[in-house]
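S.K.: Once you've had a glance at the structure underneath, I'll fire off some questions.
The values are calculated or read from the model by the stated rules, or taken from the named source; none is laboratory data. Here the structure is a predicted model, which means the values were calculated and not measured. All Cβ positions, even for glycine, are placed from backbone atoms using ideal geometry, and neighbour counts span all protein chains on display.
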Amino acid sequence: MPYFIILFLSLTLTSPAYAHDWRATQGDMVEVTLNTNNPINKLTCIGKEWPFQKDKHGTVHGWIGIDLKQKPGSYPIQWIGKTTMTDHLHINKGEFRISRITVAKKMSSFDAAAIKRIRSDQQAIKNTYDMDVNIFPAFTKAITPVDGIESTPFGAQRYVNGQARSPHSGIDIAAPKGTPIKAPLAGKVLLVEDMFLNGTLIAIGHGKGLVTVYAHLSKTHVHVGQEVQAGQIIAEVGSTGRSTGAHLHWGMRFNHARINPHSLLSLSSTSHK
Ligand SMILES: [Zn+2]
């Protein structure tokens, strides 16, 4: 018997037909699929529940977000129904830019009032991550909010005077002041606020724990509670807050995980192939 037939037989006999190995990198949003006739009630990975949807061919698609600091390694993906089917997600370490800068001490610290405001700003953004939006995100149809040159990549780690700052949880896209910013997916506006570091900021909930954030805006075109369509203009690029030039800071959270917005956009580019 040829070797490959023996291998095939032993694989089909010893492991369930649906055990898949998926690979991803810190900060990725990953789409996983399962072919099954059994109904699936729940999808879990990395200790969280993730959204899933059955397509017209009967394939179940699930979406998982990997925080940029998620420990690399292998994690079970559990498709839970009458029986539980287990796949594996192998998470690789991301390669993020590191920069070290030295500044005068008074430039690197904030006074007590500023620190208080920064904390309350951060809390207001964090609160949006748990806000319920009754939408199922069209994960594979996202569009780019603004075209421009990426000036700071996702995950960039800055050290100021040797001290680590929090890693860059989004991407910075340089574009002229006033450039319109489009919603990448349909959603509901959860927050519009002027902030100390972020300047004018908008947060949009797209459903199932997917939230996108837009900072340093010069102008906003939406209000809290408003529903927006994919491609709708929500704001204009600016340089408000702590910013050295006109750019959009675009951040993304998925069930609290800090996600590289490019990984949402690449889901749509693969679906259009
Ligand atoms: Zn930024």
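S.K.: Would you call A235 outside any helix (DSSP H, G or I), of a type in the set (G, A, S) and within 14 Å of T144 (Cα to Cα)?
M.R.: yes
S.K.: Something else about it: Considering only the stretch 197-220, I want to know if a residue exists there that is under 27 Å from K105 (Cβ atoms), surrounded by fewer than 20 Cβ atoms within 10 Å (Cβ to Cβ) and within 15 Å of the ligand (Cβ to nearest atom).
M.R.: Yes, the stretch 197-220 has at least one match.
S.K.: Which residue, of G205, G155, is assigned to a loop (DSSP other than H, G, I, E, B) and modelled with pLDDT of 95 or more?
M.R.: Step by step, each of G205, G155 is checked, and only G155 is assigned to a loop (DSSP other than H, G, I, E, B) and modelled with pLDDT of 95 or more.
S.K.: Looking at the stretch 65-72, can you tell me whether even one residue there is touching a residue at least 12 places away in the same chain (Cβ under 8 Å), surrounded by 13 or more Cβ atoms within 10 Å (Cβ to Cβ) and within 17 Å of F136 (Cα to Cα)?
M.R.: yes
S.K.: Can you find a residue in the stretch 162-169 that is over 27 Å from K105 (Cα atoms) and within 16 Å of the ligand (Cβ to nearest atom)?
M.R.: Initial filter on the stretch 162-169 (over 27 Å from K105 (Cα atoms)): none.
The answer is no; no qualifying residue exists.
S.K.: Only one residue in A156, A112 is over 16 Å from G251 (Cα atoms) and of a type outside the set (D, E), so which one is that?
M.R.: Working: A156 fails: over 16 Å from G251 (Cα atoms).
That would be A112, the only listed residue that is over 16 Å from G251 (Cα atoms) and of a type outside the set (D, E).
Here is a yes/no grid of residues against (1) in contact with a Leu (Cβ under 8 Å, 6 or more places away or on another chain); (2) modelled with pLDDT under 95; (3) not in a loop (DSSP other than H, G, I, E, B):
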position: V103; (1), (2), (3): no, yes, no
position: K126; (1), (2), (3): no, no, yes
position: D130; (1), (2), (3): no, no, no
position: F136; (1), (2), (3): no, no, no
position: T144; (1), (2), (3): yes, no, no
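S.K.: Ok, one more. On the given criteria, is G241 within 16 Å of the ligand (Cβ to nearest atom), part of a loop (DSSP other than H, G, I, E, B) and crowded, with 18+ Cβ neighbours inside 10 Å? Explain how you work it out, then say what you get.
M.R.: Values: within 16 Å of the ligand (Cβ to nearest atom): yes; part of a loop (DSSP other than H, G, I, E, B): yes; crowded, with 18+ Cβ neighbours inside 10 Å: yes.
When the stated conditions are applied, G241 passes them.
S.K.: Given (1) within 16 Å of the ligand (Cβ to nearest atom); (2) in a loop (DSSP other than H, G, I, E, B), identify the lone condition not met by E150.
M.R.: (2)
S.K.: Now a separate question. Being part of a loop (DSSP other than H, G, I, E, B) and either modelled with pLDDT of 95 or more or not charged (D, E, K, R) (or both) narrows it down to one of L34, L68, so name that one. Before you say what the answer is, go through the steps one by one.
M.R.: Working: L34 fails: part of a loop (DSSP other than H, G, I, E, B).
After applying the criteria, what remains is L68.
S.K.: Same structure again: Can you run down the residue pairs with Cβ atoms below 6 Å, 6 or more apart or on separate chains, where the first is in the stretch 245-265 and more than 12 Å from the ligand (Cβ to nearest atom) and the partner is among the aromatic types (F, W, Y) and outside any helix (DSSP H, G or I)?
M.R.: What qualifies is R253/Y129; H256/Y129; N260/F154.
S.K.: Under 8 Å by Cβ, and 6 or more places apart or on different chains, what pairs join a residue from the stretch 133-147 that is more than 16 Å from V228 (Cβ to Cβ) with one that is surrounded by fewer than 16 Cβ atoms within 10 Å (Cβ to Cβ)?
M.R.: T140/T270; T140/S271
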